[in-house]
Amino acid sequence: MIVLDKKSPIPIHKQIILQIKKEVILGRLKPGDKLPPVREMAARLKVNVNTVLRAFEDLTREGILESQHGKGFFVSAQNMQQELSEVIEYLKRVVKEFKEHGIDKYLGMTLLLEVWKDESDQ
């Protein structure tokens, strides 16, 4: 489920957060799904246990995960998939527009990042 890029400028715990969010948004992780235990995921990813724990705790604070004492971390019942379903549909339309105009995914992502940057500056 999670693949880390150790050469990425994005910190490892942020990569974990982003990939779990992506899985939730796309519906691959559903409300009530249990995530692997922190130690197991850390071993699988070959990272420090605290790195995974920090990511899980950040996701819990954001309301994406729920912690059940002694049982682990679960996808929250009120998750991002429900809240962002309209955004996903909009992005699908944007991708369709890109394709219709001959814009490949790399240029599309570059354009999106540029617009995002411009909006962040305002």
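Some notes on this structure:
- Bridging of LYS14 to lysines at a Cα separation below 21 Å is possible for LYS6, LYS22, LYS30, LYS34, LYS46, LYS117, once same-chain residues fewer than 8 apart are set aside.
- Each Lys and Arg contributes +1 and each Asp and Glu -1, all at the Cβ; summed about the Cα centre of the chain, the dipole is approximately 700 debye.
- Relative to the dominant Cα principal axis of the chain, helix 85-100 is inclined by about 40°.
- Semi-axes of the equivalent ellipsoid of the chain are 30, 18, 13 Å, computed as sqrt(5λ) over the eigenvalues of the C-alpha gyration tensor in descending order.
- Heavy-atom accessible surface of the chain: percent carbon and sulfur, 1.4 Å: 56 percent
- In this structure, the amide hydrogen of LEU65, modeled 1.01 Å from its nitrogen in the peptide plane, lies closer than 5 angstrom to those of THR60, SER76, counting only residues at least 5 positions away or on a different chain.
- C-alpha long axis of helix 49-61 to longest principal axis of the chain, angle in °: 70 degrees
- Across all C-alpha atoms in region 1-72, the radius of gyration and Dmax reach 11.6, 34 Å.
The values are calculated or read from the model by the stated rules, or taken from the named source; none is laboratory data. All values reported here derive from a predicted model rather than from experimental measurement. With ideal geometry, Cβ positions are generated from the backbone for all residues, glycine too; neighbour counts draw on all protein chains shown. Side chains are part of the model used for accessible areas, which takes the heavy atoms of the whole protein and leaves out ligands, DNA and RNA. Shrake-Rupley method; radii C 1.70, N 1.55, O 1.52, S 1.80 Å.
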